[in-house]
Structures are given as structure tokens and as C-alpha cells.
1. Report whether or not PHE149 is out of contact with any Ser or Thr (no Cβ under 9 Å at 6 or more places or on another chain), in a helix (DSSP H, G or I) and buried (at least 21 other Cβ atoms within 10 Å of the Cβ).
2. Considering only segment 108-139, how many residues are among the small types (Gly, Ala, Ser) and farther than 26 Å from ILE309 by Cα?
3. Can you tell me which residue is farthest from the chain's Cα centre (by Cα) among those in segment 517-544 that are assigned to a loop (DSSP other than H, G, I, E, B) and surrounded by 16 or more Cβ atoms within 10 Å (Cβ to Cβ)?
4. Taking the residues in segment 361-418 that are within 33 Å of the chain's Cα centre (by Cα) and among the aromatic types (Phe, Trp, Tyr) as candidates, determine which candidate is nearest to PRO304 (Cα to Cα).
5. Could you go through segment 410-424 and let me know if any residue there is on the phi > 0 side of the Ramachandran plot and surrounded by 15 or more Cβ atoms within 10 Å (Cβ to Cβ).
6. If you go through segment 121-140 one residue at a time, how many are more than 21 Å from MET317 (Cβ to Cβ) and either buried (at least 23 other Cβ atoms within 10 Å of the Cβ) or of a type outside the set (A, V, I, L, M, F, W, C) (or both)?
7. Restricting to helices (runs of 4 or more DSSP H) lying wholly in segment 325-395: which have 2 or more residues that are of a type in the set (Gly, Ala, Ser) and either modelled with pLDDT of 90 or more or buried (at least 17 other Cβ atoms within 10 Å of the Cβ) (or both)?
Amino acid sequence: MGFIKRHKVLLCIIIIAAFLRLYKLNTLPPGIHGDEASIGYTAYSLLKTGKDQNGNFLPISIDQFGDERPAGYHYLDVPFVGVFGLNGFSVRLPAALFGIANVILLYFLVLEFFDSEQLALLSSLLLAITPWDVNISRASSESIIAGFFVMLGVYFLYRELKREARNYKLLFFSFVCFFLSVFFYHAPFVFLPLFIPLLLGITYLQKKYTTRKVSIVAGFFALVVLSLVLLSALQGNGRANQIGLFSIPGGTIQLKQAMDEEGTLNPLLTRFYDNKLFFYGRFFATFYSEHLNGDFLFVNTGSPVRYKIPFTGNFYMIEAPFFLLGLAFLLSEGIKKRRWEYLIPVAWLLISPIPAAVTWEDLPNVIRASLMIPAVTMISAFGFIEIFNLVSKRWRSIFIWVFAVLLLQGFLYFYHNYFWRLPVHEPWNRSAAEEDLLSKVYTYSQGKQTVIMTGEHNNNFIFYLFYNKFDPAKFQAMGSPKDHDGLHFQNLVYTGNPCPLRGDPNHDELSKSMESNLYVDKEDCPLPRNAQVLDTSRTPDGLPAFLIIKLNPPAKP
């Protein structure tokens, strides 16, 4: 009870965070996207067989769609699937709970950095209602869990560095947290080797080191880096090869074209002007800056498209001036007054977009850059506290009320856009018609009649396994067939053709062999005259997504 009495405000903030992350979690956002379905079915498979959907026993990485991803979330989801069943709620709940935990952890982390109760509470409040954090906490995001372990590891490490007496248990806990973060998501593998040396350097400037600590902490850092490299190597680099900076479509061709255009220029000069360092460095600079611009932070949500919230930024507009002022205060006071701990959030901010900047797909990316969230939140809260302290005491109440009203307006606008408008705002980006489609397909085919399915609108085979709770042992015994064009599974045939049944509306289709099949076409496909639309699968906004069709015998002449 003593803790609750001392932390009443924090408890209220936690309740707000929990409501925003748990309310209607099963249905909002609408639909289950492919990654969520794959995570859920893999957890279901691990629960039933101890193997992933591909038949691998207790793997440390999962091949979802021709890539290799850390397996942490899949294992974490196993007990939730066991208790709540295989559904959207059980798949999303782990990320939502860690999103709530992040709000609590940020309070203690800021308290450790700045020793300010006001700043810690304001940081937690802002994080609790931040659109970016709420958005990815509700969508089975591995990055939200990886971010928790990064923050917890930094908390343990910083506490150890500040202590006069040695307590290397904290170093051990820090190492475990950093290791676990990469077990959930790849971004910490890039972030931690860059951030930890800066944190150690800043702490050294604070004179928190002893001679003995220098050698021990240096050994700790080497152990962290080697462990992260080892774990990343064991997990594989399939995803990195797909979206890495050096895999930009046409990148090699563009570089060769630039070199060819140099003509008879001395080869050494050609290499000076046209080389991979400068060529891909420009891409990196462009991608990096996209994550620090005002449009991404305060105006529009970013990518992938399935995470877009209509007319909403990742942070509130009212935070923008305090973020800029906070950044200026931290830099000036940190350097001029040698309050080196003020540079920690700045270092965090500058390093956190790098994991996203070394990729090319779906930029600016709210998942790969999500380690930015605590940094931006701390800086914005710091800016507010600094301005508040500069305001004359007679004006402080008005200052707080104006800020509170503008923040409340931004929050209510976000709440409206997410919980009211999002269900009908482009729900096809989240495969929101899949459950309805598969139910109707089974009703008409009874699991016997061949159904030729389009793969459009991300109509992937994984949804069939997920929504039908297909027996993982049986699936593995069948060789765990992969989703590909022409996949024939039981009575379903998946094809990349958007219109498996296409024809002239003024003429009949004459092929009798086609009359025994059912077809699932994209909603706008031209159909032959003797085609009969049995049903339409719609997204939550009421728009058609798929047509379920059969072919009648051609009319007699």
C-alpha cells in the first residue's frame, strides 16, 4: 500500500496506458495481417508439437515468408494462445502488455537519468498516450518488446555505473536484457553496439568510473557485442538480405550506369566519384533524415501502410516546440555546464533511426525506428519542464492549462481517428476481409469442391491455417507446404492471378472443365456472361474485397 500511496499519479497513468492498449484489442486494428497470422499459427504449432510451422524443433529463428526472423515473440505468445485460443486477441496481447510495461519502465529510467519526479511522471504520461506507441503496442509488434528489454538493460547498466559499491549482478541482468532484445527483433543489434559505448563514455565524464570498473565494463561491452553477433548469425540474415541497404532494387545497376557515364575518365578518378561508400551513403543519409523530419514525427504516421492512422502524427503537434527546445536545452546545458547525463537522450535519439536507415523498404518505418519513441518522449518532457521553470510564477497556471488543453485536443483527435475512424479507413491494408472470405468459401465448397483463390489483397495461405486452426502435426506431416503461386492445398488452389475467372461480359465461357470449380476473384474483375456471383466478401467499411463465383453452363444457342 505504501508504494501505491507514493505513486498515485503513476498508477493513474498506468490505467490510462492499459485502457488505450487493451480496449477492443481483438477487433482494433481491424483484421489480422500476415505477420500476425504467422506468429499466431507458429505459437499454436509450438504449443501443440514443440515445432514451428515448418517442422523445426524449438528454433531460434522463424521462416515466415522466405525470411528469417527472431523467434522470441512466437515463444512468448505460446501461453497466451494456450489460454485464450488462436485468435487476434491472444496474438496481440503480449505486445500490448509490454507496451504498458514500457510506460512504467520509462518512469524509473528517467528518474535514474535526471532524478526528477516531475520529469519522470510527465515522460510516462506522454508515452502512455503517444499515438506511435499505442499503435504498435496493439499490433503484435516484436519491436515494442525488444524496446522494453533495451530500456531495462540500459537501466541496469546505468545503475551499476552510478554505484559507488560494486554490484555486478546488475551488469549480468543488463547483459541478459540486451541479449533478449535481439531474440525478439533485429534493431537492437544495430542500436546497442553504437549506444552502449556512448553511454559508457558519458558516464566516464561524470567520473562514475573506478579503475577497476573501466576494465570490467570494457569486457562487458565486448561480451555484449560478441553475443549479439553470435545470436544474429545463428538466427540468419534472410530478412536483412531482403531489405538491407545494399539490396535496393536497381541499386547496383544505377551505380554501374554512373560509372559507365564517366567514359574515358581515369579509373582512379571514376572510383573516387562513383563508389559504394558515397553511392549508398547518400541513400543512408536520405533514409536517416526521413525519420527525424517533422512530417514523420508530428504530421503523418509513416509506413508500413497497415500501421497508418488517418490524419495523425506519431507524436502530438503540441509536443513539437517542446521537443526542439528540449533538444537545445539538453545539448547546451549538457556541454556548457558539463551535465553529461543530459546527453544520453540526445545520443539515444541520434542512434535510434539507424536500424531503419540501413533498410530501403517501407520508409519512414514505425517498427524499425521504434527505439526513437522513448528518446523523443524524454526530450519533449524535458523541454516542457525547462520552459515551465522559466515562466514567471504568476503565469505558470495559465501555461499548464494551455498545454493541457492543446494536449487533450490532440489526444481526443487521435482517439477518435483510431477507435472510430480506423475500422473503416482503408481496412483492406490489414487483410480485414480474410476471416469472412474463408468462412464463406467453406460454406459454398463444403471443403470438397475445388476453389481457385486469387492471392490479391494479401490473400495468403497462412490465413487459412490461422482461422481454421489447422492441425500443426498434420500440416508438418504434409511437408509444411509453402505459400506460392499454384499452391494446391486440400480443395484450395492459390494463384497470383488477380482474376482466376476472367471473361467477356457479353460472351459465355465455354470450358466445361471449369464449371466444377469455385473461384475467388478480386472485386473488380470482368466476368463472363455465364458467371454467377454467389457471394461477396467485404471489408469493415462495406466495400467489396473478393467475389465468390461459380460458372454456369453456357446458354443454349
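1. Judged against the criteria, PHE149 is not a match.
2. Residues meeting the conditions: 2.
3. ASN530
4. Within segment 361-418, the match that is nearest to PRO304 (Cα to Cα) is TYR418.
5. no
6. Selection size over segment 121-140: 4.
7. In segment 325-395, the matching helices (runs of 4 or more DSSP H) lie at 354-357, 372-390.
Here's the yes/no breakdown for (1) in contact with a helix residue (DSSP H, G or I) (Cβ under 8 Å, 6 or more places away or on another chain); (2) surrounded by fewer than 12 Cβ atoms within 10 Å (Cβ to Cβ); (3) at pLDDT 80 or above; (4) on the phi > 0 side of the Ramachandran plot:
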| position | (1), (2), (3), (4) |
| --- | --- |
| GLU262 | yes, no, no, no |
| THR270 | yes, no, no, no |
| ASP274 | yes, no, no, no |
| LEU277 | no, yes, no, no |
| GLU290 | yes, no, yes, no |
| LEU297 | yes, no, yes, no |
| ASN300 | no, no, yes, no |
| SER303 | no, no, yes, no |
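The values are calculated or read from the model by the stated rules, or taken from the named source; none is laboratory data. Note that this is a predicted model, so its numbers are computed, not measured. All Cβ positions, glycine included, derive from the backbone under ideal geometry; neighbour counts span all protein chains shown.
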